[in-house]
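Asker: One structure, as structure tokens, below. Some questions next.
The numbers here are math on the coordinates, done by the rules we state, and not lab data. Since this is a predicted model, take the numbers as computed values, not measurements. Cβ atoms come from the backbone with ideal geometry, glycine included; neighbour counts cover every protein chain shown.
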Amino acid sequence: MRWNLLAAALVLGGCGTSRALPIAKAPQALQAQGALTHMIEACRQGSRLVYDELDADEDGTLSRAEWDKRCLAPEAWVELDGNQDGELAFDEFAPPDWLRGKANRIFELIDLEFAHYDLDGDHKITGPELAGEGAAMLMFDLNADHVVWRAEAVDWWEQFVSGKIGTIVWPACPARKGGPARPRFLAPGGHLTFDW
Ligand SMILES: [Ca+2]
Ligand SMILES: [Ca+2]
Ligand SMILES: [Ca+2]
């Protein structure tokens, strides 16, 4: 099992699974290639941020000492260092197929959120849909017009995972057994985290 195939902790309220997905689910699931490409690039930029921060001596590659210094999981190092040369190149840290998997997972999360809150299936969260726990969706309302379009959520996630908004939280040292052993992106307001 590859290390940390992203687990996003959405604390916007539970994503109900008992509700039937809206009919609009089918076309949404077919991501436009351009949208997927953009999200992959955003994930690559975010990975680069994490990678560069790990690269303490700024020599452009990660040593095991740099890895351990941040208390990241030793078993993850073994898994990622495919050619076992004792260094982690960026392409080993964030391979293209892994970035694609992350991007696809983000679209799944967006669709789950919309399936949960977009009660009338019109691809936007409006009015009564923003009441109660639905108010948490306002974090995606980039133009602050109290209408949350799916495209806004996609834009928000691109900014978030590329590191343009939010902060990187590192595991505590010394690493607690069984505790988080990976960096994590924390959204402004602290309501949403995204494991790297
Ligand atoms: Ca280095
Ligand atoms: Ca709606
Ligand atoms: Ca809006």
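Asker: Count, please, the residues in the stretch 60-75 that happen to be over 11 Å from P171 (Cβ atoms), of a type in the set (A, V, I, L, M) and touching a residue at least 12 places away in the same chain (Cβ under 8 Å).
Answerer: 1
Asker: Search the stretch 109-129 for residues that are aromatic (F, W, Y) and pair each with any residue that is within 11 Å of ligand 2 (Cβ to nearest atom) and in a helix (DSSP H, G or I) when their beta-carbon atoms are under 7 Å apart and the residues are at least 6 apart or on different chains.
Answerer: From residues that are aromatic (F, W, Y), the pairs are F114/R150; Y117/E129; Y117/G134; Y117/M137.
Asker: Give the number of residues within the stretch 129-178 that are among the charged types (D, E, K, R) and over 17 Å from L36 (Cα atoms).
Answerer: 7
Asker: Residue check, A56 against (1) small (G, A, S); (2) touching a helix residue (DSSP H, G or I) at 6+ places or on another chain (Cβ under 8 Å); (3) away from ligand 3 (no atom under 16 Å from the Cβ); (4) assigned to a helix (DSSP H, G or I), all met but one. Which one?
Answerer: (4)
Asker: Right, next: Anything in the stretch 134-154 that is touching a His at 6+ places or on another chain (Cβ under 9 Å) and either more than 14 Å from ligand 2 (Cβ to nearest atom) or farther than 17 Å from D111 by Cα (or both)? List them, or say none.
Answerer: A136, M139, V154
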